[in-house]
Amino acid sequence: MRALHVSAAIGALFLGGIGLASVVHPVAAGKQRGAVGAGGVTSSADDRLVVVELFQSQGCSSCPPATANLNALAGKPHVLALSYGVTYWDQLGWKDTFASPQFTARQWDYARHHGRDRVWTPQVYVGGQRDIVGANRAQLDQLIARTSIKGPAVTIAAGQVRVASARAARPAIVWMVRYDPRTIDVPIRAGENGGRTLPHRNIVRELVQIGHWSGAAASFALPARRDPYRVAVIVQDGKGGAIIGAAKA
């Protein structure tokens, strides 16, 4: 972990143990938690799934602690933990094996929504509302506990997503996320993490907008897939906005 590192080639900084990029632009682009309802998985008013999104890179030496924390959350029933590989550190000697310009673009959506002109790694958004570096597990757990999700109940069942009726200030985006729940050990052969083997869980492999929700109950079809990936659905108050509902199958 560095206090300061400047790379003139990509206009990047490492400040305070995080990789900070200011000139990289994306390519266009009791109650029981986790209860299973009849015929599907549901998030209800009393049981809100908190979405935790980590933006990281295998080429970032500051990322492994945050990745380890995300991995530890991956199996929690009340959390949807998602790991996005970003592309803007690929020039540092190692090309991230899971990164996509689309995921870099999602991080920039958050940055612009929050009035920022740069992105960095590692960065964790909780509920699309607040962000932290994510390397401190206690801080991350506290933020998850404080995050309030207020929006429609979301159900996944029989290849369909149902978003219940609720008050909506504006049309929200309905995303389908496909992610790999397995632990995948990636040997890093070059760059800042060269020589290390980094375990990854819940790596996002696909992010697709499947519709909009405007307050009335709505249903959306999920594309049929045959692969080891799992499916989740996120209802978000615009690009980079708060997450107002989610469910995972």
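Listed conditions (1) part of a loop (DSSP other than H, G, I, E, B); (2) open to solvent by less than 20 Å² (accessible area, probe 1.4 Å); (3) more than 22 Å from SER57 (Cβ to Cβ) are all met by ILE144, apart from (1). The set of residues in the range 220-239 that are at pLDDT 95 or above, over 18 Å from TYR110 (Cα atoms) and open to solvent by 40 Å² or more (accessible area, probe 1.4 Å) comprises ALA221, TYR229, ARG230. I'd like to know if the range 173-186 contains one or more residues that are under 28 Å from LEU92 (Cβ atoms), among the hydroxyl-bearing types (Ser, Thr, Tyr), modelled with pLDDT of 95 or more and touching a Pro at 6+ places or on another chain (Cβ under 8 Å). Checking the range 173-186: at least one residue is under 28 Å from LEU92 (Cβ atoms), among the hydroxyl-bearing types (Ser, Thr, Tyr), modelled with pLDDT of 95 or more and touching a Pro at 6+ places or on another chain (Cβ under 8 Å). Taken over the range 75-91, the criterion of being surrounded by 20 or more Cβ atoms within 10 Å (Cβ to Cβ) and in contact with a strand residue (DSSP E or B) (Cβ under 7 Å, 6 or more places away or on another chain) is satisfied by VAL79, LEU80, ALA81, LEU82, SER83, TYR84, GLY85, VAL86, TYR88, TRP89. Assessment of the range 197-217 against the conditions (under 17 Å from the mean Cα position of the chain (by Cα), modelled with pLDDT of 95 or more and of a type in the set (Phe, Trp, Tyr)) yields no matching residue. Scanning the range 51-66 for residues that are open to solvent by 10 Å² or more (accessible area, probe 1.4 Å) and outside any loop (DSSP other than H, G, I, E, B) returns PRO64, PRO65.
Whether a residue is touching a strand residue (DSSP E or B) at 6+ places or on another chain (Cβ under 8 Å) and open to solvent by less than 20 Å² (accessible area, probe 1.4 Å) was assessed, and ALA111 passes this test. In this structure, is LEU207 closer than 21 Å to THR97 by Cβ, of a type outside the set (S, T, N, Q) and open to solvent by less than 30 Å² (accessible area, probe 1.4 Å)? Considered against the rule, which asks whether it is closer than 21 Å to THR97 by Cβ, of a type outside the set (S, T, N, Q) and open to solvent by less than 30 Å² (accessible area, probe 1.4 Å), LEU207 comes out as yes. Annotation: ALA166 fulfils all but one of (1) assigned to a loop (DSSP other than H, G, I, E, B); (2) under 19 Å from the mean Cα position of the chain (by Cα); (3) closer than 18 Å to VAL50 by Cβ; the unmet one is (2).
The values are calculated or read from the model by the stated rules, or taken from the named source; none is laboratory data. Small disclaimer: the values here were computed from a predicted structure and weren't measured. Heads up, the Cβs are rebuilt from the backbone with ideal geometry, glycines too, and the neighbour counts pull from every protein chain shown. SASA here: full protein model, heavy atoms, side chains in, ligands and nucleic acids out. Shrake-Rupley method; radii C 1.70, N 1.55, O 1.52, S 1.80 Å.
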